[in-house]
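Some notes on the structure that comes next.
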Amino acid sequence: MNVLGISCFYHDSAAALLRDGVVVAACQEERLSRKKHDQDFPARAVKYVLKQGGIGPGDLDAVGFYDKPLLKFERMLSTYIATFPRSFGSFRKAMPVWIKEKLWVPSIIRKELRPYKGPILFAEHHMSHAASCFLVSPFEEAAILTVDGVGEWATASFGVGKGSDITLFKEIRFPHSLGLLYSAFTYYLGFKVNSAEYKVMGLAPYGKPVHFDRIMKEIVHLNEDGSFKLNMKYFSYDYGLTMTNGAFSDFFGGPPRKPETWMTEREFDIAASIQKVCEEIVLRMARYIHEQTRLTRLCMAGGVALNCVANGRVIRETRFKELFVQPAAGDAGGSVGVAHYVYNTLGKQPRGPAWTHAYLGPEYGDAEIREYLDGAGATYRVLSDGDIVRETARLIADGNVIGWFQGRMEFGPRALGGRSILADPRDPKMRDILNMKIKFREGFRPFAPSVLADKAPEWFEIDCDSPYMLLVAQVREGKRCIPSVTHVDNSARLQTVTREASPLYHDLIAEFERLTGVPVIINTSFNVRGEPIVCTPHDAYLCFMRTNMDHLVLGHHLLDKKQQPPLREDVDWRTQFELD
Amino acid sequence: MNLTEYVSRVGARLAHLPTHTRVLLAFATCVLLMEVAFRRFGPRSKAYARWTKGIEAVGAVWTAVLLSVVYLVSVGPVSLFMKLTRKDLLDRAAGDDPTFWKAHEANPLGAVAAARHQF
């Protein structure tokens, strides 16, 4: 049975193909359209997943959509009514899009998937999130927590998954939303909403949570059970085109920071404060869910589940013993969720094997890579598996920055060794080099380490796997010789790498350890600021040539920047990508 | 009725229309003819791009006008009624409730039937 899952029309549209309960392929549209957080119908992603499955639209048995558009529309109308007349601007902007597109989801799907004639099924937004984490987790039974900006009405929900069934018990409803609260602060700090929330998380350790008590007293009414209401006096996202209003600015003593301007202690402290608020809410929610369910395993999804600092505290400070966070925890993962929900829960089918990796995207063989490189006039060497590992590890140990393009592309926002930029974490200057000369991004942003899974507890204060880079742990005191992946608070957002999940990447880190004694390398996404992670050899080669990377490894092909012909460009690529 | 007779009848009917209606009809006909001509003779011309941009601007203005009317006529009165009856569709008041969790309401249609609907 072939089930196609689709998520789109808000942000991060994606498609996933499930065959007999196993994900054959999943891909975000942005990787193929090259438009960051692309929200359009994922026509390219659908085409890819069907091609990967070797089928056409007519061979599908069911198509699932990740939310219920009419319930969302009802919520919007209710909001306009409740906030009249201030909601006029938002109404005028949103209505044409709804009338033209969002109210006609079944028609659009049928048009895009001709000649498909089967059913189109809809799952609630948070059910899609819940299914996306629980049904691919290794747990037969687990508590589920989903937290994001907003779906239809729910902004957070919890329940229990058992076998193929999922039951959601309770929820928090719009406008009271942890995701939107965090996004409001993201906006106020001068970053892009629905895109740069992770920057606030990265900024937080530079500051002190001096506003925490004030926020909890005046803005967030938080109960012991993790449920909360927001004081909407401070926000404008329910009626306007911005997230916060004048009252919010008065509360923090000034207007929102203008994007790309200098940051001060004030911004650091605000980031630290909202991060602490977020962690406090998630922790209380998790404790309450444990009390209610008495289960010791927890699955999490929704955009807030990408807050790996909060995730790390959940596993350390609650009674949950095991945690599974969906690698594509945001809306893109909804495509996987709805496909599983349709197949397993509605279809009452047993679950397939649990996910062990997130390499579900396009792959390019050596023949395709060579054809591209020859066409581009690139100079390269072809190496065996063993040589590519040895040579790359040596280059990293010598201080080079490497573009690493291997196998299938990752599904989700993190690069996990399929489309990564790699470097030596021992060099204290490497963080600045990567930020300024390779990624062209803000200097405060930390880099994440990939570590051999069996060596992780030796180097970091962690006793569980973090294969999707969704947990933060402290670097152990005697192991602080990796400054480029150690944040100012001595934390690191780590990826644990096993040979089973990623053999070549594992061998590379093992070889690096053999050369240096350090089983850790820097792993950052293969892109520049504002650009989606590279997908094809062409994307990778362009990114390599446009930045100051030293070498590029494409499959078995090793390219040295010094030997490449100059790139003939007819566009200023820095204007091509909108800054996030 | 032959074609000549039909055309003259339509012409006579148009001649009896008020002036502003005739002006509007003439304008609409011109726009239609221009669009057809551009599509036929210069679909990739700069002039057609400018023409499209201009028409889209007119469309944007009209959309704004129509949506303003819809907003005032439909959203306004309902909002007023809600305010008079002190109902808040967004449940914004904080209160002293021991919990703000709300029960997840299962769709009365049942999971399988509910999945066939967008609500």
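Only one of A:Tyr48, A:Tyr10 is more than 19 Å from A:Ala130 (Cα to Cα) and hydroxyl-bearing (Ser, Thr, Tyr). Can you tell me which?
A:Tyr48 is the lone residue from the list that is more than 19 Å from A:Ala130 (Cα to Cα) and hydroxyl-bearing (Ser, Thr, Tyr).
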Requested in this report: Answer yes or no as to whether A:Val3 is buried (at least 23 other Cβ atoms within 10 Å of the Cβ) and among the aliphatic types (A, V, I, L, M).
Outcome: yes
Query - region A:360-385 - residue that is out of contact with any strand residue (DSSP E or B) (no Cβ under 6 Å at 6 or more places or on another chain) and among the aromatic types (Phe, Trp, Tyr) and, of those, nearest to A:Cys535 (Cα to Cα) - result: A:Tyr364
Report task. State which residue pairs qualify: first residue under 16 Å from A:Met1 (Cβ atoms) and in contact (Cβ under 8 Å) with a residue 60 or more places away in the chain and inside region A:52-76, second residue outside any helix (DSSP H, G or I) and among the polar types (S, T, N, Q) in any location, beta carbons under 6 Å apart, and separation of 6 or more residues or different chains. Result -> A:Asp61/A:Asn2
Report summary line: If we keep only residues of region A:416-433 that are surrounded by 24 or more Cβ atoms within 10 Å (Cβ to Cβ) and among the hydrophobic types (A, V, I, L, M, F, W, C), then the residue farthest from A:Arg31 (Cα to Cα) is A:Ala423
Report task. Looking at (1) out of contact with any Leu (no Cβ under 8 Å at 6 or more places or on another chain); (2) assigned to a helix (DSSP H, G or I); (3) in contact (Cβ under 8 Å) with a residue 24 or more places away in the chain, find the lone condition where A:Ile396 falls short. Result -> (1)
Query raised in the report: How many residues are facing chain B (nearest Cβ under 10 Å) and under 29 Å from the mean Cα position of the chain (by Cα) if we restrict to region A:57-91?
Result: 13
Query raised in the report: When you go through A:Gly163, A:Gly226 one by one, which is the residue that is under 30 Å from B:Ala106 (Cα atoms), surrounded by fewer than 22 Cβ atoms within 10 Å (Cβ to Cβ) and more than 23 Å from the chain's Cα centre (by Cα)?
Result: A:Gly163
**Report entry** Index of the failed condition, B:Val112 passing every other in (1) loosely packed, with under 15 Cβ neighbours inside 10 Å; (2) more than 7 Å from every other protein chain (Cβ to nearest Cβ)
**Finding:** (2)
Requested in this report: Identify all residues within region B:60-87 that are of a type in the set (Phe, Trp, Tyr) and more than 8 Å from every other protein chain (Cβ to nearest Cβ); write none if there are none.
Outcome: B:Trp62, B:Phe81
Requested in this report: Within region A:228-246, count every residue that is more than 14 Å from chain B (Cβ to nearest Cβ) and in a helix (DSSP H, G or I).
Outcome: 1
Query raised in the report: Within region A:92-124, which residues are facing chain B (nearest Cβ under 9 Å), under 18 Å from A:Phe73 (Cα atoms) and of a type outside the set (Lys, Arg)?
Result: A:Met95, A:Pro96, A:Leu103, A:Val105, A:Pro106, A:Leu121, A:Phe122, A:Ala123, A:Glu124
**Report entry** Those residues of region A:386-425 which are in contact with a helix residue (DSSP H, G or I) (Cβ under 7 Å, 6 or more places away or on another chain) and more than 30 Å from A:Ser335 (Cβ to Cβ), in sequence order
**Finding:** A:Val389, A:Arg390, A:Thr392, A:Ala393, A:Arg394, A:Ile396, A:Ala397, A:Val401, A:Ile402, A:Ala423, A:Asp424, A:Pro425
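Residue by residue, here is whether (1) surrounded by 10 or more Cβ atoms within 10 Å (Cβ to Cβ); (2) in contact with a strand residue (DSSP E or B) (Cβ under 7 Å, 6 or more places away or on another chain); (3) free of Cβ contacts under 8 Å to residues at least 40 places away in the same chain; (4) more than 18 Å from B:Gly59 (Cβ to Cβ) holds:
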| site | (1), (2), (3), (4) |
| --- | --- |
| B:Val7 | yes, no, yes, yes |
| B:Arg22 | yes, no, yes, yes |
| B:Leu25 | yes, no, yes, yes |
| B:Ala28 | yes, no, yes, no |
| B:Lys46 | no, no, yes, yes |
**Report entry** All positions within region A:106-128 that are surrounded by fewer than 21 Cβ atoms within 10 Å (Cβ to Cβ) and more than 30 Å from A:Thr155 (Cβ to Cβ)
**Finding:** A:Arg110, A:Lys111, A:Arg114, A:Pro115, A:Tyr116, A:Lys117, A:Gly118
Query raised in the report: A:Arg514 passes all but one of (1) in contact with a Lys or Arg (Cβ under 8 Å, 6 or more places away or on another chain); (2) more than 20 Å from A:Leu416 (Cβ to Cβ); which number fails?
Result: (1)
Requested in this report: State all residues of region B:92-107 that are more than 7 Å from chain A (Cβ to nearest Cβ) and under 33 Å from the mean Cα position of the chain (by Cα); if no residue qualifies, say none.
Outcome: B:Asn107
**Report entry** Residue satisfying all of: in region A:431-468; hydroxyl-bearing (Ser, Thr, Tyr) and in a loop (DSSP other than H, G, I, E, B); farthest from A:Ile402 (Cα to Cα) among these
**Finding:** A:Ser466
Query raised in the report: Can you pull out the residues in region A:290-307 that are buried (at least 24 other Cβ atoms within 10 Å of the Cβ) and in a helix (DSSP H, G or I)?
Result: A:Gly303, A:Val304, A:Ala305, A:Leu306
Query raised in the report: A:Gly361: buried (at least 16 other Cβ atoms within 10 Å of the Cβ) and not in a helix (DSSP H, G or I), yes or no?
Result: yes
Query - Identity of the residue in region A:21-37, more than 14 Å from the chain's Cα centre (by Cα) and part of a loop (DSSP other than H, G, I, E, B), that ends up surrounded by the most Cβ atoms within 10 Å (Cβ to Cβ) - result: A:Gly21
Report summary line: Going through region A:156-177 in order, the residues found to be touching a Ser or Thr at 6+ places or on another chain (Cβ under 7 Å) and away from every other protein chain (no Cβ under 11 Å) are A:Val160, A:Ser164, A:Ser177
Query raised in the report: Can you pull out the residues in region A:469-503 that are closer than 20 Å to A:Asp424 by Cα and part of a strand (DSSP E or B)?
Result: A:Val472, A:Ala473, A:Gln474, A:Val475, A:Ser491, A:Ala492, A:Arg493, A:Leu494, A:Gln495, A:Thr496, A:Val497
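Since every read-out is calculated from the coordinates, none of them should be taken as a lab result. Remember, it's a predicted structure, so these values are computed and weren't measured experimentally. In this analysis, Cβ positions are derived from the backbone assuming ideal geometry, glycine residues included, and neighbour counts consider all displayed protein chains.
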